[in-house]
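These notes are about the structure you will find just below.
The values are calculated or read from the model by the stated rules, or taken from the named source; none is laboratory data. Owing to the predicted nature of the structure, the values given are computational and were not obtained by experimental measurement. Note: ideal-geometry Cβ built from the backbone for every residue, glycine included; neighbour counts use all protein chains shown. The area values use the complete protein model at the heavy-atom level, side chains included, leaving out ligands, DNA and RNA. Shrake-Rupley method; radii C 1.70, N 1.55, O 1.52, S 1.80 Å.
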Amino acid sequence: MNARNFDKLMQEQIARAHGEKPKLLLHCCCAPCASACLERLQEFFETTVLFYNPNIEDDEYERRKAEIKRFIEETGFADFIDCDHTEKDFYCAVKGLENEKEGGARCEKCFELRLAETARTADENGFDYFTTTLTISPLKNAKIINEIGEKLQNKAKWLYSDFKKRNGYLRSTELSQQHDLYRQNYCGCVFSRRDAQSTQTLENRKKL
């Protein structure tokens with residue numbers, strides 16, 4: 001069976017709008033990931049960014065939020081909705097999965113948590129579509145993310161995406177340089193930071 005082309009599915013959804021601009025709620029994890037996604041979407045949607053990331057640690061959360069707000073102010077690509085930062089929701093969602101490898105079952109639970117809130121907010125505020133910037137990362141599984149979004153859609157429909165396609169990730173690095181955006185080296189949670197530090201330690205030992 002051929003793999004689904006989520007980027008092509010998104011382009012088909014855009015074509016069905018016949019030039020109108022539907023209202024889109026875009027879950028964003030950080031400014032670098034959001035940059036290329038917002039640039040690609042701004043021609044086709046009235047976009048609002050939702051910054052809901054209870055997985056991200058306190059100081060890191062505030063830094064990332066400040067950067068995405070700055071990028072939006074500089075570009076005018078979107079409006080912005082902030083959410084309460086409730087890390088306990090993340091820890092409850094991934095309880096028992098603390099030692100899972102990065103990209104595994106723990107991450108899937110995290111995706112579900114953030115996309116469920118995005119879907120709920122989209123429904124309550126009259127958005128036509130909702131989606132996430134997460135698929136721009138080469139380290140994130142676009143198939144899993146899109147399947148979660150499909151299951152959560154109700155009034156607001158899921159906008160398919162694989163933002164890394166068509167050089168999306170490369171464009172995000174270019175925009176990050178242009179706007180001097182803070183680029184982190186881990187997803188944001190304490191577990192991914194632990195794994196990133198462990199990997200860096202191993203690399204440093206190899207250099208000795």
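Of the conditions (1) farther than 20 Å from ARG64 by Cβ; (2) within 13 Å of the chain's Cα centre (by Cα); (3) hydrophobic (A, V, I, L, M, F, W, C), ALA119 fails just one. Which one is it?
Every listed condition holds for ALA119 apart from (2).
Kindly list the number of the only condition in (1) surrounded by fewer than 16 Cβ atoms within 10 Å (Cβ to Cβ); (2) over 19 Å from GLY104 (Cα atoms) that fails for SER176.
(1)
Given the criteria modelled with pLDDT of 95 or more, within 18 Å of the chain's Cα centre (by Cα) and either open to solvent by 60 Å² or more (accessible area, probe 1.4 Å) or within 20 Å of ARG166 (Cβ to Cβ) (or both), does GLU39 qualify? Please lay out each step first, then the result.
Details: modelled with pLDDT of 95 or more: yes; within 18 Å of the chain's Cα centre (by Cα): yes; either open to solvent by 60 Å² or more (accessible area, probe 1.4 Å) or within 20 Å of ARG166 (Cβ to Cβ) (or both): yes.
Yes: the conditions hold for GLU39.
Mind checking which residues of the range 142-169 are more than 16 Å from the chain's Cα centre (by Cα) and open to solvent by 50 Å² or more (accessible area, probe 1.4 Å)? Break it down into steps so the answer makes sense when it comes.
Within the range 142-169, the first condition is being more than 16 Å from the chain's Cα centre (by Cα), and the residues that meet it are 151, 153-157, 166-167.
Correct list: LYS151, GLN153, ASN154, LYS155, LYS157, ARG166, ASN167.
How about the range 14-28: which of its residues are touching a residue at least 24 places away in the same chain (Cβ under 8 Å), open to solvent by 10 Å² or more (accessible area, probe 1.4 Å) and not β-branched (Val, Ile, Thr)?
Applying the first criterion (touching a residue at least 24 places away in the same chain (Cβ under 8 Å)) to the range 14-28 yields 14, 17, 21-28.
Narrowing further to those that are open to solvent by 10 Å² or more (accessible area, probe 1.4 Å): 14, 17, 21-23.
Residues satisfying the conditions are ALA17, LYS21, PRO22, LYS23.
Okay, residues lined up against (1) among the charged types (D, E, K, R); (2) open to solvent by 10 Å² or more (accessible area, probe 1.4 Å):
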residue: LYS69; (1), (2): yes, yes
residue: ILE72; (1), (2): no, yes
residue: PHE80; (1), (2): no, yes
residue: LYS95; (1), (2): yes, yes
residue: GLU100; (1), (2): yes, yes
residue: GLY104; (1), (2): no, yes
residue: ALA122; (1), (2): no, no
residue: ASP128; (1), (2): yes, yes
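Considering only the range 36-53, I want to know if a residue exists there that is of a type in the set (A, V, I, L, M), in a helix (DSSP H, G or I) and touching a helix residue (DSSP H, G or I) at 6+ places or on another chain (Cβ under 8 Å). Write out each step before concluding.
Within the range 36-53, the subset of a type in the set (A, V, I, L, M) is 36, 38, 41, 49-50.
Adding the requirement that they be in a helix (DSSP H, G or I) leaves 36, 38, 41.
Applying the additional criterion that residues be touching a helix residue (DSSP H, G or I) at 6+ places or on another chain (Cβ under 8 Å) yields 36, 38.
Checked against the condition, which is being of a type in the set (A, V, I, L, M), in a helix (DSSP H, G or I) and touching a helix residue (DSSP H, G or I) at 6+ places or on another chain (Cβ under 8 Å), the range 36-53 yields at least one hit.
What pairs come up if the first residue lies in the range 131-153 and is within 15 Å of GLN13 (Cβ to Cβ), the second is among the hydroxyl-bearing types (Ser, Thr, Tyr) and open to solvent by 10 Å² or more (accessible area, probe 1.4 Å), and their beta carbons are under 6 Å apart, counting only those six or more places apart or on different chains?
So the pair list comes out as ASN146/TYR160.
Please work out which one of (1) at pLDDT 95 or above; (2) part of a helix (DSSP H, G or I) is the condition PHE80 fails and give its number.
For PHE80, the failing item is (2).
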